[in-house]
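Throughout, read-outs are computed from the coordinates displayed, never taken from laboratory work. Since the structure is predicted, the reported quantities are computational estimates derived from the model, not experimental observations. Neighbour counts run over all protein chains shown; Cβ positions are idealised from the backbone, glycine included.
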Amino acid sequence: MIECRAPGKLYLAGEYAVLSPGRPALIMAVDRFARVRVTDAAATTVHTDLCAGHEHSIARDGDRVRLRHHDRPADQLASVAAAIAIVERLVRERNLPPRTGRVEITTDLHGTGGRKLGLGSSAAVTVAVIDALARHHELRLPPAHRYRLAMLASMTADPHCSGGDLAAATFGGIVRYQRPDPRALRMPPGWTVDDALHRPWSGLSITPVEIPPGLRIEVGWTGSPARSAERVAVLYSRGGTEDPRYGRFLARSDAAVDRITVALADGDIAAVAAEIRLVAASLATLDREMGLGIMTPALSELCRIAEAAGAAAKPSGAGGGDCGIAVLDAADLDAARAITTGWRRAGIDPLSLALVPSTALASSTAVCATQKGTPA
């Protein structure tokens, strides 16, 4: 039996900008997880709490995999199907014996009633599935290759995905991430998965960033789930990354991410907070100019309450609901209490989240366990 897990994420800065190759974002891995267990079985099936615990069978068409439940496609699990397909293809290319298994997926990345929290559940599931299946097939993959497999799988399900959440789920900690050029991910005829793992991906950069001990990040959930893909689709429908308004936003976002990176390294909490405010203002301007629906009344109230307590606040991720963050000095406990109290009164749920350090994911024993001889 193989058991693996991958963490969720929060965007500190760079959301929307990261959709453009080579543009930086800062993304933090948090301690809510997707967990995947694989046990030997006569056929490969998927069991997941994402779909009320249903069993999904596998339908194959060449290199493509579809998950089905009672002969109905499970479209919401497209990235899981793509993850299974890419690992199986790599196994065939390396002439390894195929293995089937029962894949069990559970997460604590959802709130009450199963509503998504906006912590990157799909990405965490994709990364955990790839890690568990790779180990099940006795593939020895470094983190960089697991990220690449997850990116290839996710691009199959959503060509516009940035992959920032995949990087955080793979490497942990805080990463300064730049999306690769999507053209580098296309696998022309004759290419193997190993080609894609080893050839350069133009624009890609994943760099660890330390978080100073004096920085506190409070997280609030608005109670309104949002789909990032919908906000991104609106962006592309209104001129996309070629729109000059988006270009102006990119310049502001890039500069802020660079300054936050320096401020984090220096432990300058006041400078981090000042830049978070600039990021929030830039997102608000982009939202106003292009009508993306980033800021909801609940997110605006979340930010207002945090700012009234002296913190810097912004939506985290694509907006339209989900989570917002407040950044403040860790020593200011009165401000932290005022924020969480104010959020509760406004119907915003404070989330108790902590950073998952990159060292925790560097050790396979911390996140994966292999047990021999476990019955199917």
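Below is a table of values for the structure above.
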quantity	calculated
Likely footprinting exposure, D268, D131, fewest C-beta neighbours within 10 Å first	D268, D131
C-alpha center-to-center spacing [the range 282-309, the range 195-249] in angstrom	17 Å
Label-reachable residues, the range 83-105, where backbone N falls under 13 Å from a point 7 Å from A41's Cα toward its Cβ	100-105
CD proxy at 222 nm, helix term only [per DSSP H run n ≥ 4: -39500 (n - 2.57); per residue of the chain; nearest 500]	-12500 deg cm²/dmol
Where labels lie 7 Å past Cα in the beta-carbon direction, separation of R245 and L333 in nm	4.6 nm
Residue with peak Gaussian network fluctuation, the chain [Cα springs, cutoff 10 Å], from A318, A263, A29	A263
Gyration tensor (alpha-carbon) shape descriptor, the range 215-351, a/c threshold 1.5	oblate
Förster-model FRET efficiency, 30 Å R0, S205 and R227, C-beta, rounded to 0.05	0.65
Selected from F249, F171, F33 as most flexible by GNM, with the chain as the system and alpha-carbon contacts under 10 Å	F249
Within the range 92-162, trypsin sites (Lys or Arg not before Pro) in DSSP loop having at most 13 other beta-carbon neighbours inside 10 Å	R94, R140
Distant-in-sequence amide H partners of R23 (H built 1.01 Å from N, under 5 Å)	R179
Cα-projected label distance for Y236 with D108, points at 7 Å along beta-carbon direction, nm	3.5 nm
Point-charge dipole on Cβ atoms (K/R +1, D/E -1) for the range 215-351, about Cα centre, debye to 20	360 debye
